[in-house]
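Encoded as structure tokens, the structure appears first; notes follow it.
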Amino acid sequence: MPENALRALARRVQASVPSAGPLHLALGLCLYCLLCVPVLANPNIEIEGLMPGAAVLKVDGERKMLREGQDFKGVKLVAVYSRTATLEVAGKQLVLGLSQKVGTNYQRPAEQVVTIARDARLQYRTNAQINGRQLQVLVDTGANMVAMNEAEASRLGIDLGSAARVQVETAAGVVPAWSVTLRSVDVGGIRIDNVPATVISGEFPGTVLLGMTYLRHVKFEENQGILTLSRTH
């Protein structure tokens with residue numbers, strides 16, 4: 001019962017009961033206890049990632065990966081589908097989609113978050129846009145630069161004719177390369193402009209490496225097979 005309704009009830013009881021005696025004291029004590037019981041607010045919940053049988057939730061600002069049937073801070077993950085997850089909170093079920101939020105005191109955080117699930121090869125691959133074109137990238141925190149092969153650079157329309165020539169060391173030895181600046185790199189809406197990159201002669205790497213010239217602009221955290229990239233405005 002809302003607090004203002006309880007206070008109104010207390011005033012009516014006091015008006016109808018004599019001002020002295022044990023009954024008045026007992027009723028007053030009971031109503032005081034009711035008024036002092038805190039009302040628990042529903043948690044603020046956000047779906048940040050969906051994968052087969054599991055989801056990444058943020059509950060009251062704390063991120064956690066749950067599998068179906070597990071619970072965290074009063075929120076149980078009931079079922080996961082391709083675009084939504086069914087949750088149970090305080091005995092009631094609700095369905096949320098990616099990036100949807102629910103809570104009593106909702107405020108949109110000024111933070112962009114991308115979650116990437118580790119694949120069967122224990123690598124973190126995701127889609128990105130480089131210079132406005134879609135492609136797959138491999139997140140590599142050990143790479144100093146964003147790196148790609150010549151063919152990928154050609155598909156992205158990168159002009160190597162005016163690029164500075166450099167040499168890089170690979171598993172195959174020292175090979176020629178070009179130093180370029182990418183107009184933009186966008187992963188899940190986290191866009192960084194003017195990103196230094198290296199184009200390596202030959203077919204290595206087979207997938208564009210998302211290295212530190214991009215990653216140094218974001219926060220990244222790995223937990224239970226989930227890599228989280230975030231950036232606060």
Tally of residues being surrounded by fewer than 15 Cβ atoms within 10 Å (Cβ to Cβ), more than 17 Å from residue 149 (Cβ to Cβ) and not small (Gly, Ala, Ser) across the stretch 173-190: 2
From the set of residues in the stretch 85-102 that are under 30 Å from residue 192 (Cβ atoms) and surrounded by fewer than 17 Cβ atoms within 10 Å (Cβ to Cβ), which is modelled with the highest pLDDT? 97
Close pairs from the stretch 193-210: first at positive phi, partner aliphatic (A, V, I, L, M) and crowded, with 16+ Cβ neighbours inside 10 Å, Cβ under 9 Å, at least 6 apart: 194/182
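Yes/no matrix, rows are residues, columns are (1) exposed (fewer than 15 other Cβ atoms within 10 Å of the Cβ); (2) farther than 30 Å from residue 53 by Cα:
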{"residue": "198", "(1), (2)": "no, yes"}
{"residue": "212", "(1), (2)": "no, yes"}
{"residue": "219", "(1), (2)": "yes, no"}
{"residue": "227", "(1), (2)": "no, no"}
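Condition check ((1) in a strand (DSSP E or B); (2) at pLDDT 95 or above; (3) small (Gly, Ala, Ser); (4) under 13 Å from residue 185 (Cα atoms)) across all residues:
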position	(1), (2), (3), (4)
115	yes, no, no, no
120	no, no, yes, no
126	yes, no, no, yes
137	yes, yes, no, yes
142	no, no, yes, no
147	yes, yes, yes, yes
153	no, yes, yes, no
161	no, no, yes, no
If you go through the stretch 66-83 one residue at a time, do you hit one that is at pLDDT below 70 and either in the same structural domain as residue 219 (by TED's automatic domain parsing) or closer than 27 Å to residue 219 by Cα (or both)? yes
With 149, 144 as the choices, which residue is assigned by TED's automatic domain parsing to the domain that holds residue 225, surrounded by 12 or more Cβ atoms within 10 Å (Cβ to Cβ) and out of contact with any strand residue (DSSP E or B) (no Cβ under 8 Å at 6 or more places or on another chain)? 144
State which residue pairs qualify: first residue at pLDDT 85 or above and inside the stretch 33-51, second residue in a strand (DSSP E or B) and of a type in the set (Ser, Thr, Tyr) in any location, beta carbons under 9 Å apart, and separation of 6 or more residues or different chains. 47/84
Please work out which residue is farthest from residue 227 (Cα to Cα), limiting yourself to the stretch 70-96 and to residues that are small (Gly, Ala, Ser) and not in a loop (DSSP other than H, G, I, E, B). 79
Among 199, 168, 175, which is of a type in the set (Val, Ile, Thr) and either touching a helix residue (DSSP H, G or I) at 6+ places or on another chain (Cβ under 6 Å) or assigned to a loop (DSSP other than H, G, I, E, B) (or both)? 199
Go through the stretch 41-69 and give me each residue that's over 15 Å from the mean Cα position of the chain (by Cα), under 20 Å from residue 227 (Cβ atoms) and not charged (D, E, K, R). 52, 53
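The values are calculated or read from the model by the stated rules, or taken from the named source; none is laboratory data. Quantities reported herein were computed from a predicted structural model and do not represent experimental measurements. No Cβ is skipped: glycine too gets one built from the backbone with ideal geometry, and neighbour counts run over all protein chains shown.
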